[in-house]
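A short write-up of the structure that comes next.
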Amino acid sequence: MTTDREKRLEAALTQFLQPMKGIPFEIVIQALCGTQVERFNPAIPDNRRALQNIVDAMRNTCREVQDRPIKRPRPNEVGNDMEPFVINALKAQGMNAAAPKTKSGRGKTTGYPDVKIETTGNPIYLEVKTYAPANYNTTQRSFYLSPAEDHKVGEDGYHLLVGFEIERNGTLFTPVAFELVDLYGLDCDMKAEFNSDNRRLYEKNRVLARERVSR
């Protein structure tokens, strides 16, 4: 028999599971990281110089990878390979760019964002993405933010994203264009997810059959 407490819990979970849409990116970062997202204003002299350096670096990134195409069996692996090219190109422009450290000072390869650029003003966080021309104007989900106890956004700053258009030739991938966007004001959606792990999944009292099969 379902108790009143269980009924209330079920009702609360049902409400929680309703998808939330149109949450501004800056609100998401404030909630997850406790930092402010500033709108990038190119009219500010420091920003204008930084923007020009970033654009030059992204153009050079395209040329560098065109000379040395990325070889991958699957296109969804290309984005990660672009990150070191981006960082090196930014450094070549005289920018202090590196993979950001976590709040506790650890290095972490996964999770948002991919690059942090130190400037005389606000730091610039830069996410690196790739897309196929066929997916450019679709509703395919391509940008994700997940809660993390040890996140990589530790300061107020600007949040930009560079998306490289990728052409494929067999297992070789090259960027042929790029777009640099300001993430301030980006609408984000949230859908709750339940998960478990192998330790709980394969508990002895849950197993109905277990067999090791040899040839």
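Per the Kirkwood definition applied to all pairs of different Cα atoms, how many angstroms is the hydrodynamic radius of region 61-105?
It is 12.0 Å.
What are the ³J(HN,Hα) values, in whole Hz, obtained from phi via the Karplus relation 6.51 cos²θ - 1.76 cosθ + 1.60 with θ = phi - 60°, for each residue of region 109-122 in sequence order, with x given for Gly and Pro?
3J(HN,Hα) across region 109-122, in whole Hz: 7, 8, x, 6, x, 8, 9, 10, 10, 7, 10, 5, x, 5.
Here is the link list: LYS103/LYS191; LYS21/LYS91; LYS108/LYS204. Which ones come out longer than 29 Å on Cα distance?
Result: LYS21/LYS91; LYS108/LYS204 exceed 29 Å.
Hull surface divided by four, with the convex hull built on the Cα atoms of region 1-96: how many nm²?
So the mean shadow area of the Cα hull is 11.7 nm².
Is region 137-215 best put as rounded, prolate or oblate by its Cα gyration tensor, with a ≥ b ≥ c the root eigenvalues, rounded for a/c under 1.5, and otherwise prolate when a/b is larger than b/c, oblate when not?
oblate
For the chain, max minus min Cα coordinate along each principal axis, in Å, sorted largest first?
67, 52, 37
Output the 0 to 90 degree angle, nearest 10, between the alpha-carbon long axis of helix 45-67 and the longest principal axis computed from the alpha carbons of the chain.
With both axes taken from Cα atoms, the answer is about 80 degrees.
Taking Cα pairs under 8 Å and at least six residues apart, what relative contact order does the chain come out at, in percent?
27 percent
Return the whole-Å distance between the Cα centroid of region 65-87 and the Cα centroid of region 180-215.
Distance between centres, Cα-based: 28 Å.
If you average over every viewing direction, what projected area does the convex hull of the Cα atoms of region 51-144 give, in nm²?
Computed as one quarter of the Cα hull surface, the answer is 7.4 nm².
Run the reach check for LYS129 against aspartates and glutamates, Cα to Cα strictly under 16 Å, same-chain hits fewer than 8 apart removed. What comes back?
Those aspartates and glutamates meeting the cut-off are GLU77, ASP81, GLU83, ASP114, GLU165, GLU167, GLU179, ASP182.
Taking the Cα centroid of region 92-122 and of region 131-153, what is the distance between the two, rounded to the nearest whole Å?
Region 92-122 and region 131-153 have Cα centres separated by 18 Å.
DSSP beta bridges in the chain, what fraction antiparallel, as a percent rounded to 5?
70 percent
Read-outs throughout are calculated quantities, based only on the coordinates presented, and are distinct from any laboratory measurement. All figures in this text were calculated on a predicted structure; none of them were measured in a lab.
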